[in-house]
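A.B. asks: Shown below is the structure under consideration.
Where a number appears in this text, it was derived from the coordinates with a stated rule and is not lab data. All of these numbers come straight from a predicted model, not from anything done at the bench. Positions of Cβ are generated from backbone atoms using ideal geometry, with glycine treated the same way; all protein chains shown enter the neighbour counts.
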Amino acid sequence: MAGGITRVALDGRMDIAGAAVVDLKMNIIAGSAKKLLIDLEKVEFLGSMGLRSIVIPARAVKSRGGKVVLFAPNEMVESVLKTSGIDTLIPVCHDLDAAIAALA
Amino acid sequence: MSAMTMPEKWMTAPDPSSPEPRLTLKSQLEDLTLVIPWVKAIAARYSVSANTQFAIELCLEEALSNIIRHGYRGQADQAISIVCTVKCSPSDAAVDELVFTAEDHAPPFDPLALFADTPAPAPVSFQDFPPGGQGIRLMHKFASRLAWQQLADGNRLTLAFAIRA
């Protein structure tokens, strides 16, 4: 994406099995990204292990002074995010322009 | 915490057309994949909403993975049984609640004692964000009721989900 933004689109079930599939890739991406947009639009399910697969790379990016935004989670996935409290650390946006602005 | 008790108005409704009411797993995370189709069949049978089905799948994944990782502590050949019970209101016999009861033979372990049924304090930094324990908070949020009971040779965890507004 323009503006140095790395967009990672996740899909399917971010359960224990799904988290195991994406963990390594997410951590590799987080190792170099400075502006990370995690697209959750096609994520059907998010459990605590899937949440860790988002939080750990996000923490890595932010520890280097980068920015992270979560984009377009469905109602239940967003409820998981809010229950955990992670939405207070990582902005959750449903509008792409707002997501890009949060990474500026 | 004591065992969950049902209000007197509830009754169990035997239903021979229901999906298999019991699922038995081995204490390995790979077996959690068996839970999804089982829950889907139950959800289809009782016209459970997509959001409630999400909640059931979420809570069962968190509860069962806790049993496997913390209860059995890596012993992969132990049994976990889950029974789904349908609760109906006697007034119209409509299904009001699905109750899932998970039993294991692990040492006493009350997962609900780890975190009270209170919202997580808002973290102000990633250092404040706990690496574990989110599963218990999610269970408190997404299940209608939770209860743990110590058995003579294991644990019983009960998770109830209202399926009628």
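A.B. asks: Only Cα pairs under 8 Å and at least 6 apart count here; give the relative contact order of the stretch A:2-102 as a rounded whole percent. Display every interim value, and only then the final one.
C.D. replies: On the way: 169 pairs, mean separation 28.9, N = 101.
For the stretch A:2-102, the relative contact order is 29 percent.
A.B. asks: Working from the alpha-carbon coordinates of the protein assembly as shown, get Rg over Rh, Rh being the Kirkwood radius. The partial results should precede the final answer.
C.D. replies: Values: Rg = 19.8 Å, Rh = 19.7 Å.
Reported Rg/Rh (Cα atoms, Kirkwood Rh): 1.00.
A.B. asks: At a Cα cut-off below 17 Å, give the lysines reachable from B:K87, other chains included and same-chain residues fewer than 8 away excluded.
C.D. replies: Filter leaves B:K9.
A.B. asks: Excluding residues on the same chain fewer than 8 positions from A:K34, give the lysines whose Cα lies under 17 Å from its Cα.
C.D. replies: A:K25, A:K62, A:K67
A.B. asks: Within a 10 angstrom radius of each residue's Cβ in B:57-70, how many Cβ atoms of other chains show up on average? Whole number is fine. Intermediate values should be presented prior to the final figure.
C.D. replies: Values: counts 6, 9, 1, 1, 9, 5, 0, 1, 5, 1, 0, 1, 0, 0.
Other-chain Cβ atoms within 10 Å of each residue's Cβ, averaged: 3.
A.B. asks: So which residue, out of A:G65, A:G18, A:G31, gets the largest mean-square fluctuation from a GNM of chain A using Cα contacts under 10 Å as springs?
C.D. replies: Largest GNM mean-square fluctuation: A:G65.
A.B. asks: Quote the FRET efficiency, to the nearest 0.05, computed for B:S144 versus A:D23 with a Förster distance R0 of 25 Å and r equal to the Cβ-Cβ distance.
C.D. replies: Working: r = 32 Å, r/R0 = 1.28.
According to the calculation, E is roughly 0.20.
A.B. asks: May I ask you to compute the full-extension gain from B:S91 to B:L112, defined as 0.36 nm times their residue separation minus their alpha-carbon distance, rounded to one decimal in nm? Mind showing how you got there, number by number?
C.D. replies: Working: separation 21, 0.36 × 21 = 7.56 nm, distance 3.27 nm.
Answer, rounded to one decimal: 4.3 nm.
A.B. asks: Let me ask another. Only bridges whose two residues both fall in the protein assembly as shown count here: according to DSSP, what percent of them are antiparallel, nearest 5? Could you put the intermediate results ahead of the total?
C.D. replies: Numbers: 31 of 47 bridges.
In the protein assembly as shown, approximately 65 percent of DSSP beta bridges are antiparallel ones.
A.B. asks: Okay, next question. Check each of the trypsin sites (Lys or Arg not before Pro) in the stretch A:54-104 and keep only those in coil by DSSP with at most 12 other C-beta atoms within 10 angstrom; list them in order. Provide the component values of the computation, followed by the final result.
C.D. replies: Details: sites: A:R59, A:K62, A:R64, A:K67, A:K82; in loops: A:R64.
Filter output for the stretch A:54-104: A:R64.
A.B. asks: Tell me, what is the FRET efficiency for A:A2 and B:A50 to the nearest 0.05, using R0 = 30 angstrom and their Cβ-Cβ distance as r?
C.D. replies: Numbers: r = 35 Å, r/R0 = 1.18.
FRET efficiency, A:A2 to B:A50: 0.25.
A.B. asks: Can you pull the mean other chain C-beta count within 10 Å for peptide A:10-17? Could the numbers behind the result be given before it?
C.D. replies: Working: counts 0, 0, 0, 3, 0, 9, 9, 6.
So the per-residue partner count for this stretch is 3.
A.B. asks: Right, another one. Find the Rg to Rh ratio for chain A, where Rh is the Kirkwood radius over alpha-carbon pairs and Rg uses the same atoms.
C.D. replies: On the way: Rg = 12.3 Å, Rh = 13.3 Å.
Result for chain A is an Rg/Rh of 0.92.
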